[in-house]
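Engineer: Have a look at the structure that comes next, please.
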Amino acid sequence: LWAMIAIVSVCAGLWALEISLIGIGLWLPVGLGVISAVASAIIAYIIRFLLEERKRKRIEKAFGYYLAPSIVNQLAETSEELKLGGEKREITVMFADLSGFTALSSKLKPEDLVSLTNKYLTLITHEVEADGGYVDKFIGDAVMAVWGAPVLTESHCEQAVSAAVRISEKIDEENSIAKEKGEIGFAVKIGVSTGEAIVGNVGSKTRFNYTAIGEAVNIAARLESLPGVYDCNVVISGATATKLSDQFILRELDRVTVKGIEAALPIFEPLNGASSEIADTYALALSKYRNRNFREAIAMWESLEDKPSKVMAARSRKFLTNPPPDDWAGEWPTPGVA
């Protein structure tokens, strides 16, 4: 702006000087100088615009490795000042953790461990973004992903569970291929939860982080450890399960108590490719289990022969010799029972 003002002022001054000199019989040809000044300014502006645009694209691409593309575009286009704070929004959160990382850290060289971990994290990231999710952060060998923010979507539950199922399948495939080759691979544990959270910028006055904070995030983080208990890959919260469409076959695995949440939470497993009969038989066995009919529950779970059913059958056998307390409501862990 100041450059344009300077050029206009110089041109106006030369024109006024030319008029003044004509009055005393002198001719000062300023046309060529004015045209040159304006043309050079336009050319310089075009060159600078092209260079700045290339620089902006390069910065956007660089930041795209650290932030969601939607956030980068928002930062590039908005004229508003960045500030701390956020908004309340219903979202779905996923925590995915690679199993066996600690054991492998003592067997592999650091550079080999990082390379292998990055391979699996790349797979997780690809599936998250393919289903409209946002990778919030990497936490060592774990990933926190969000659906419903920063881009608002009504189908965040379906997208998150769909991504979780595909991640589970593809990591199992990679792990099987690695074992066939005599190499080392990872398994995965995934927890998914839906609920209201505050999404936006948190941090300090000099360092921001776009993230989500709230009970839904806390529950997802707690659920991430439960696949190790029930010998499965994916566990979703009851809040997520109730919002899913009929495209998923779900079974309620159990009711669990988690740190920071007073009431016991129902947890579910998406049964990809399985029949609804498995879910129905498991549900009937779970009902027998909660009514303390442990022998009948054991028989039903043993007929299914899948891993979570074996876990629950083994737990029921322990209850036959060491029953839960009288006030037991079917939750796990059960106080007073090993």
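Engineer: Report those helices (runs of 4 or more DSSP H) wholly inside segment 100-186 carrying at least 3 residues which are in contact (Cβ under 8 Å) with a residue 40 or more places away in the chain and either open to solvent by 20 Å² or more (accessible area, probe 1.4 Å) or over 17 Å from Ile236 (Cβ atoms) (or both).
Structural biologist: Because the criterion is at least 3 residues that are in contact (Cβ under 8 Å) with a residue 40 or more places away in the chain and either open to solvent by 20 Å² or more (accessible area, probe 1.4 Å) or over 17 Å from Ile236 (Cβ atoms) (or both), the helices (runs of 4 or more DSSP H) in segment 100-186 that meet it are 110-130, 156-180.
Engineer: Does Ser316 satisfy being of a type in the set (S, T, N, Q), open to solvent by less than 50 Å² (accessible area, probe 1.4 Å), outside any strand (DSSP E or B) and within 28 Å of Ala221 (Cβ to Cβ)?
Structural biologist: For Ser316, the condition - of a type in the set (S, T, N, Q), open to solvent by less than 50 Å² (accessible area, probe 1.4 Å), outside any strand (DSSP E or B) and within 28 Å of Ala221 (Cβ to Cβ) - is not met.
Engineer: OK, next. Give all pairs with beta carbons closer than 7 Å in which a residue from segment 224-251 that is within 16 Å of Ile167 (Cα to Cα) meets a residue that is of a type in the set (S, T, N, Q) and in a helix (DSSP H, G or I); count only pairs at least 6 apart in sequence or on separate chains.
Structural biologist: Within 7 Å, the pairs are Asn233/Ser168; Val234/Ser168.
Engineer: Restricting to segment 1-30, give me the number of residues that are within 27 Å of Phe49 (Cβ to Cβ), surrounded by 13 or more Cβ atoms within 10 Å (Cβ to Cβ) and not aliphatic (A, V, I, L, M).
Structural biologist: Number of matching residues: 1.
Matching residues to (1) in contact with a Cys (Cβ under 6 Å, 6 or more places away or on another chain); (2) of a type outside the set (Asp, Glu); (3) more than 26 Å from Gln247 (Cβ to Cβ); (4) at pLDDT 95 or above:
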{"site": "Glu277", "(1), (2), (3), (4)": "no, no, no, no"}
{"site": "Tyr282", "(1), (2), (3), (4)": "no, yes, no, yes"}
{"site": "Ala285", "(1), (2), (3), (4)": "no, yes, no, yes"}
{"site": "Tyr289", "(1), (2), (3), (4)": "no, yes, yes, yes"}
{"site": "Asn293", "(1), (2), (3), (4)": "no, yes, yes, yes"}
{"site": "Ala299", "(1), (2), (3), (4)": "no, yes, yes, yes"}
{"site": "Pro308", "(1), (2), (3), (4)": "yes, yes, no, yes"}
{"site": "Asp326", "(1), (2), (3), (4)": "no, no, yes, no"}
{"site": "Pro335", "(1), (2), (3), (4)": "no, yes, yes, no"}
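Engineer: Mind checking which residues of segment 319-334 are exposed (fewer than 14 other Cβ atoms within 10 Å of the Cβ) and over 38 Å from the mean Cα position of the chain (by Cα)?
Structural biologist: Passing the criteria: Leu320, Thr321, Asn322, Pro325, Asp326, Asp327.
Engineer: Farther than 24 Å from Val229 by Cα, at pLDDT below 95 and either open to solvent by less than 40 Å² (accessible area, probe 1.4 Å) or part of a helix (DSSP H, G or I) (or both): is that true of Val199 in this structure?
Structural biologist: Yes, satisfied.
Engineer: Could you tell me which residue of segment 203-232 is modelled with the lowest pLDDT, considering only residues that are surrounded by fewer than 14 Cβ atoms within 10 Å (Cβ to Cβ) and among the hydroxyl-bearing types (Ser, Thr, Tyr)?
Structural biologist: Selected residue: Thr206.
Engineer: Taking Gly260 as meeting all but one of (1) open to solvent by less than 60 Å² (accessible area, probe 1.4 Å); (2) among the small types (Gly, Ala, Ser); (3) in contact with a helix residue (DSSP H, G or I) (Cβ under 9 Å, 6 or more places away or on another chain); (4) in contact (Cβ under 8 Å) with a residue 24 or more places away in the chain, write down the number of the exception.
Structural biologist: (1)
The values are calculated or read from the model by the stated rules, or taken from the named source; none is laboratory data. Remember, predicted model here, so these are calculated numbers, not experimental data. Don't worry about glycine lacking a Cβ; one is built from the backbone with ideal geometry, like all the others, and counts go over all protein chains shown. Surface areas here come from the heavy atoms of the whole protein model, side chains and all, with no ligands, DNA or RNA. Shrake-Rupley method; radii C 1.70, N 1.55, O 1.52, S 1.80 Å.
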